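Since the structure comes first, as structure tokens, the remarks are kept for the end.
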Amino acid sequence: MADEDFIVTPWDVEGVVDYDKLIERFGTEPITPELLKRIQKHTGRLHFMLRRDLFFTHRDLNWLLDEYEKGNPFYLYTGRGPSEKTHIGHLVPWIFTKWLQDKFGAEFIFQMTDDEKFLFKEDLSMEETKELAYDNALDVIALGFDPKKTQIIIDTENAKTLYNIALPIAKKITFSTVKASFGFENSANIGQIFYTSIQAAPAILKSVQQGKNIPCLIPHGVDQDPHFRVCRDVLPKLGYYKPASIQNKFIPSLLGPAGKMSASNPNSTIYVTDTPKQVKNKINKHAFSGGQPDIETHRKLGGNPDIDVSFQWLKILFEPIDKKLDEIELAYRNGDLLTGELKAILIEKVTKFLIHHQKEREKAKDKLEDFIVRD
Ligand code: TYM
């Protein structure tokens, strides 16, 4: 990080991310009020993740909506690199994708990149990443996607299909492009260098299968943009549309605003399989607070919800009702609500959310075969 204040790559997020700067760095478009109005015309009331600027940037959304309005519908594509249990940050783009599927009636491809995680994680075997792919798929299914419109592709289970699509893409990407886009050193293994063409493949999978170009929209966290920047350069050369994207900010680590949640520190996040006791302990012990050091000062000066992780988690994921969120924000700012009380609100919300999710996750075990595709 010597000459940069923050880093965002698909494999590494460091520092406090300045999202306006990131838009400039990556060359994406901000989501403007006009664009929000345009989306709203089709969806009715906007999802709170759009209203609250969590989805903040995009590529070619206006083009995608032009096509949609001309009667050329799009499909959705997103994914997961299964290197551990799913945490609540991963759910952000998936919950939003579910909303898009409901509103636009869109077909949906979900890619589980067990190959990627095998190549990038020193300590994981192929058996482990495949097992995690099946495990994480339960969390996708638990969110309620339409089985008739949703396919989950685990890369190693779809090697023939994906390899045949990835090869012509790979042929058009040079080593120097990959190095510049992802910051690889010469010590990178050659699987890592090839990998981006596999993540590009689902962006044209439906077009290949149906023998005609079909627009694709990829909702994802902003860290994945470098993959799609590369693939957007290549796909038109092969006669395909560039995929459009809509990109979210990160839900901050429990420990504070710097960086993404990390598997190496289980206290930095909450896993979807955590128990109520774990949730309570983690939030009470570790959630970074924007409150004052003692009650008297807090009552006088109030807390700062902008840096308070409990408040940010409510805003991003756990309190969809604007009025309730506004009340909490006001009470915290003016000192009526103490840090411990704010944490208690979050604990209750997260616990309720997880109890429901875990129930659906159990049920998903019987539905796996309705979603998983193999070639
Ligand atoms: P992965 O497994 O790192 O992350 C899965 C998705 O979650 C997003 N994400 C977050 N969003 C909000 N807050 C966070 N703290 C947070 N952490 C992660 C990621 O941006 C991602 O959208 N290579 C990919 C897998 C993949 C993929 C795709 C992702 C394959 N095809 C298409 C998006 C779209 C990966 O390892 O994601």
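The values are calculated or read from the model by the stated rules, or taken from the named source; none is laboratory data. Since the structure is predicted, the reported quantities are computational estimates derived from the model, not experimental observations. Positions of Cβ are backbone-derived with ideal geometry, glycine not excepted, and every protein chain shown enters the neighbour counts.
So that you can scan it fast, the table gives a plain yes or no per residue for (1) in a strand (DSSP E or B); (2) among the basic types (K, R); (3) outside the structural domain of P215 (by TED's automatic domain parsing); (4) surrounded by fewer than 19 Cβ atoms within 10 Å (Cβ to Cβ):
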residue	(1), (2), (3), (4)
P236	no, no, no, yes
V279	no, no, yes, no
N284	no, no, yes, yes
L314	no, no, yes, no
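Condition check ((1) under 25 Å from F56 (Cβ atoms); (2) buried (at least 16 other Cβ atoms within 10 Å of the Cβ); (3) within 16 Å of the ligand (Cβ to nearest atom)) across all residues:
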residue	(1), (2), (3)
C231	yes, yes, yes
K242	yes, yes, yes
L254	yes, yes, yes
T275	no, no, no
G290	yes, yes, no
Here the qualifying pairs (Cβ atoms under 6 Å; residues six or more apart or on different chains; first in the range 268-282 and more than 12 Å from S310 (Cα to Cα); second of a type in the set (G, A, S) and assigned to a loop (DSSP other than H, G, I, E, B)) come out as S268/S262
Do we have I214 as touching a Ser or Thr at 6+ places or on another chain (Cβ under 7 Å), more than 15 Å from the ligand (Cβ to nearest atom) and touching a residue at least 40 places away in the same chain (Cβ under 8 Å) here?
yes
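Rundown of residues vs (1) modelled with pLDDT under 95; (2) surrounded by fewer than 17 Cβ atoms within 10 Å (Cβ to Cβ); (3) under 28 Å from N213 (Cα atoms); (4) within 12 Å of the ligand (Cβ to nearest atom), yes/no style:
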site: F74; (1), (2), (3), (4): no, no, yes, no
site: P82; (1), (2), (3), (4): no, no, no, yes
site: V92; (1), (2), (3), (4): no, no, no, yes
site: T97; (1), (2), (3), (4): no, no, yes, yes
site: F110; (1), (2), (3), (4): no, no, yes, yes
site: F120; (1), (2), (3), (4): no, no, no, yes
site: D123; (1), (2), (3), (4): no, yes, no, no
site: E131; (1), (2), (3), (4): no, yes, no, no
Checklist (1) touching a strand residue (DSSP E or B) at 6+ places or on another chain (Cβ under 8 Å); (2) on the phi > 0 side of the Ramachandran plot applied to F288, failing item:
(2)
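Sort through K300, K237, K242 and tell me the only one that's over 18 Å from the mean Cα position of the chain (by Cα) and farther than 30 Å from L35 by Cα.
K300
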Does the range 54-63 contain any residue that is under 26 Å from A133 (Cα atoms) and either out of contact with any Gly (no Cβ under 8 Å at 6 or more places or on another chain) or near the ligand (Cβ under 8 Å from one of its atoms) (or both)?
yes
Given the condition under 30 Å from N267 (Cβ atoms) and either in the same structural domain as A200 (by TED's automatic domain parsing) or more than 13 Å from the ligand (Cβ to nearest atom) (or both), answer yes or no: does some residue in the range 154-165 qualify?
yes
Taking the range 78-117 and keeping only residues that are of a type in the set (F, W, Y) and either assigned to a strand (DSSP E or B) or in contact (Cβ under 8 Å) with a residue 60 or more places away in the chain (or both), one is left with F96, F104, F108, F110
